[in-house]
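Structure record follows, encoded as structure tokens.
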Amino acid sequence: MSEAVVITGASTGIGRASALRLARKGFDVYGGVRKEADREGLRSEGVTPLMLDVTAPDSIAAAADRVGADLGQRGLAGLVNNAGAALPGPIEYIPLEDLRRQFEVNTVGHVAVTQAFLPLVRRATGRIVFIGSVGGRVALPFIGPYAASKSAVSSLADALRQELARWGIWVAVVEPGNVATPIWDKGGTGTKEAIEKLPPEGRERYASALESGTDTAVKMGRKGADPDKVARVVESALTSRRPRARYLVGGDAYAQVALSRLLPDRLFGRLVARQMGL
């Protein structure tokens, strides 16, 4: 009988690549999606679509009940917390509702899903994987809320790993750098919205820097790692005999961490500003 895995945010990008890869490897994969339109695409690839909004308690509870009813005493071999969002903007003016939303999706949502599915993970002595980001280690301009939410995920995962260790349940964090996903095709949509929310003095201070930084980020993102490269790491975190606590993915991720550690803060800041055209 195949082992079962739940992956949130499986409609595109890393989540979809991970779902398809694990399905090809023989896992029974439940791919979490928020939109009805995304269901059939997953089903046709051998993934069982699971309606799941990580910010909606009723949706999370219904999804856990559905998977539990399907699996019975089998339990879950793995839970991959991947769903996420990025809301750009300067911290000086970021709307607090956006900041709360960022943490609600990227941090609180991961904890809520983990709490709901942990009884099923216990049954199979499974594993839990959080998709973090190199941004959780190295915060860059205008993505402070996103970086903070990913840093919080890493801290929560570290604590959870220690709390669950006596039951043999492993918890890992996968921290990709730039990944070539469809999000980059939207270009500066998020930046445009962030600029529109700025007061006049905020636009004068930050609009050009936001646009320049976004142009650089989009160019780098489109050249980023293939999502399947991250999916291979997710598979390793779920199946390796000796899994690691953290997995950096991508040359740019390793470079950011190394430079941030080796260079003085002021010099690293100037390097980032130059790279982003600020």
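Within the set Leu271, Leu267, Leu259, the sole residue that is without any contact (Cβ under 8 Å) to a residue 12 or more places away in the chain and not in a loop (DSSP other than H, G, I, E, B) turns out to be Leu267. For Gly89, the criteria (1) in contact (Cβ under 8 Å) with a residue 60 or more places away in the chain; (2) crowded, with 23+ Cβ neighbours inside 10 Å; (3) over 24 Å from Ala194 (Cβ atoms) hold in every case but one, which is (3). You will find that of Tyr146, Tyr93, the residue that is among the hydroxyl-bearing types (Ser, Thr, Tyr) and in a loop (DSSP other than H, G, I, E, B) is Tyr93 and no other.
Could you tell me which residue of the range 237-261 is farthest from Thr125 (Cα to Cα), considering only residues that are over 17 Å from the mean Cα position of the chain (by Cα) and small (Gly, Ala, Ser)? Applying the filter and picking the extreme gives Ser260.
Looking at the range 175-254, the helices (runs of 4 or more DSSP H) lying wholly inside it that each contain 3 or more residues that are of a type in the set (A, V, I, L, M, F, W, C) and modelled with pLDDT of 80 or more sit at 200-222, 227-239. Filtering Ala159, Ala148, Ala172, Ala165 for residues that are modelled with pLDDT of 95 or more, within 19 Å of Gly190 (Cβ to Cβ) and not hydroxyl-bearing (Ser, Thr, Tyr) leaves a single hit, Ala148. Filter the range 67-80 for residues that are within 21 Å of the chain's Cα centre (by Cα) and outside any strand (DSSP E or B); which is surrounded by the fewest Cβ atoms within 10 Å (Cβ to Cβ)? Out of the qualifying residues, it is Ala77. Among the residues of the range 53-71, is any at pLDDT 95 or above and closer than 19 Å to Thr181 by Cβ? Within the range 53-71, one or more residues are at pLDDT 95 or above and closer than 19 Å to Thr181 by Cβ.
If we scan the range 113-132, do we find a residue that is small (Gly, Ala, Ser), at pLDDT 95 or above and closer than 30 Å to Arg266 by Cα?
The answer is yes, given that some residue of the range 113-132 is small (Gly, Ala, Ser), at pLDDT 95 or above and closer than 30 Å to Arg266 by Cα.
Flag set for Asp58, criterion: out of contact with any helix residue (DSSP H, G or I) (no Cβ under 6 Å at 6 or more places or on another chain), farther than 24 Å from Thr189 by Cβ, free of Cβ contacts under 8 Å to residues at least 12 places away in the same chain and not small (Gly, Ala, Ser). If you go through the range 23-64 and pick out every residue that is within 17 Å of Gln115 (Cβ to Cβ) and among the charged types (D, E, K, R), you end up with 2. Of all the numbered requirements in (1) at pLDDT below 95; (2) surrounded by fewer than 19 Cβ atoms within 10 Å (Cβ to Cβ), Val138 misses one, and that requirement is (2).
Residues checked against (1) exposed (fewer than 15 other Cβ atoms within 10 Å of the Cβ); (2) in a loop (DSSP other than H, G, I, E, B); (3) in contact with a Leu (Cβ under 6 Å, 6 or more places away or on another chain):
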position: Ile14; (1), (2), (3): no, no, no
position: Ser18; (1), (2), (3): no, no, no
position: Leu22; (1), (2), (3): no, no, no
position: Gly26; (1), (2), (3): yes, yes, no
position: Ala37; (1), (2), (3): yes, no, no
position: Leu42; (1), (2), (3): no, no, no
position: Leu50; (1), (2), (3): no, no, no
position: Asp53; (1), (2), (3): no, yes, no
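Residue-level analysis places Arg161 outside the set of residues that are farther than 30 Å from Leu262 by Cβ and either touching a Leu at 6+ places or on another chain (Cβ under 6 Å) or in a helix (DSSP H, G or I) (or both). Consider Ala157 carefully, then state whether it is surrounded by fewer than 19 Cβ atoms within 10 Å (Cβ to Cβ) and farther than 26 Å from Gly72 by Cβ. So Ala157 does not fit the description; no.
Residues of the range 220-248 that are hydrophobic (A, V, I, L, M, F, W, C) and either under 25 Å from Asp28 (Cβ atoms) or without any contact (Cβ under 8 Å) to a residue 60 or more places away in the chain (or both): Met220, Ala225, Val230, Ala231, Val233, Val234, Ala237, Leu238. Just one of the listed residues (Ala83, Ala64) is crowded, with 16+ Cβ neighbours inside 10 Å, touching a residue at least 40 places away in the same chain (Cβ under 8 Å) and either touching a Pro at 6+ places or on another chain (Cβ under 6 Å) or in a helix (DSSP H, G or I) (or both), and it is Ala64.
The values are calculated or read from the model by the stated rules, or taken from the named source; none is laboratory data. For clarity, every value in this text was computed on a predicted model and none was experimentally measured. A quick note on method: Cβ atoms are made from the backbone with ideal geometry, for glycine too, and the neighbour counts reach across all protein chains shown.
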